[in-house]
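For reference, the structure is listed below as C-alpha cells.
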Amino acid sequence: MLTTLAVPAAQVAPPLDPTASPSAWGQAPSAGLSWDVSHAHSAAQPTTVHIATDGKFLYVRFDAVQTEPVIAVQQSNDTVTGGSNINGGIAYSDDAVWVDLWPTGAGGFQYQFEANPHGVHNEASSENVSFSPQWESHGVSTAGGYAVTMAIPLSVIHGAHGGDWRMQFDIGRAHV
C-alpha cells in the first residue's frame, strides 16, 4: 500500500541533532515503515520517519526501534553499505536507513541517501556513477534503537520541484 505524505514548508529548519525529541520537528508529517527490506518481510519493530523542507533542503528523520544490538561498523562517509542498491545488489554490513527519490517520476533519475546509526553516510544516483554531493547526516544509538537525521540539498537533485515526488523510505538491518 502506498502512502502519500504532504511535505510541509518549514519556516525554520528542524533540528538535526538526533538526540532532540521528534516533537521538535513540529508539524512535519510522519510515516511508519512496515517492511523490513533486509529480511523481506513485515517489520517486527517500528521505525518512524519525519520529513520537511524549507525549499533548499529536504529534511528527514528516522527513529528506529531495535531490540538487537545496533551494528554500525563504518566510520567514514561514502563507505556505508547498509542499503545501497542502485548499482549492483544490496549489501548489509551496517544497520542503515535510507531514502530513495524519483523527483520526475519512475522514468527519471533515482537518488539514494543513506546513513548508519553513527550518521556516517553514502549516496548514489542513476544519473551519474560518481555522484558525490555534500550533504549532512547525524546519528545516535539509543537504549532502544537509534535515530538518524538528514539534510539533503535540493540543488544536487535534477528535476527537484514543488509538487508530487516519488519517495521511498527504507531501513536495513545488518546481517550477522
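For the chain, what class follows from the C-alpha gyration tensor (a ≥ b ≥ c being the square roots of its eigenvalues): rounded when a/c is under 1.5, otherwise prolate if a/b is larger than b/c, else oblate?
Taking the square roots of the gyration eigenvalues as a ≥ b ≥ c, the chain is rounded.
What does the accessible area per residue of the chain come to in Å², with a 1.4 Å probe and no ligands, DNA or RNA counted? Before the final figure, lay out each step's value.
On the way: 8620 Å² over 176 residues.
Accessible area per residue: 49 Å².
At a 1.4 Å probe, what is the % contribution of carbon and sulfur to the accessible area of the chain?
With neighbouring chains kept in place, the figure for the chain is 54 percent.
Based on the mean of other Cβ atoms within 10 Å per residue, sort peptides 58-66, 123-131 so the most packed one is first. Each step should come with its number before you reach the end.
Numbers: 58-66: 22.9, 123-131: 15.2.
Going by the mean number of other Cβ atoms within 10 Å, highest first, we get 58-66, 123-131.
The values are calculated or read from the model by the stated rules, or taken from the named source; none is laboratory data. All of these numbers come straight from a predicted model, not from anything done at the bench. Using ideal geometry, Cβ is built from the backbone for each residue, glycine included, and neighbour counts are taken over all protein chains shown. Just the protein is used for accessible areas: all its heavy atoms, side chains included, with ligands, DNA and RNA removed. Shrake-Rupley method; radii C 1.70, N 1.55, O 1.52, S 1.80 Å.
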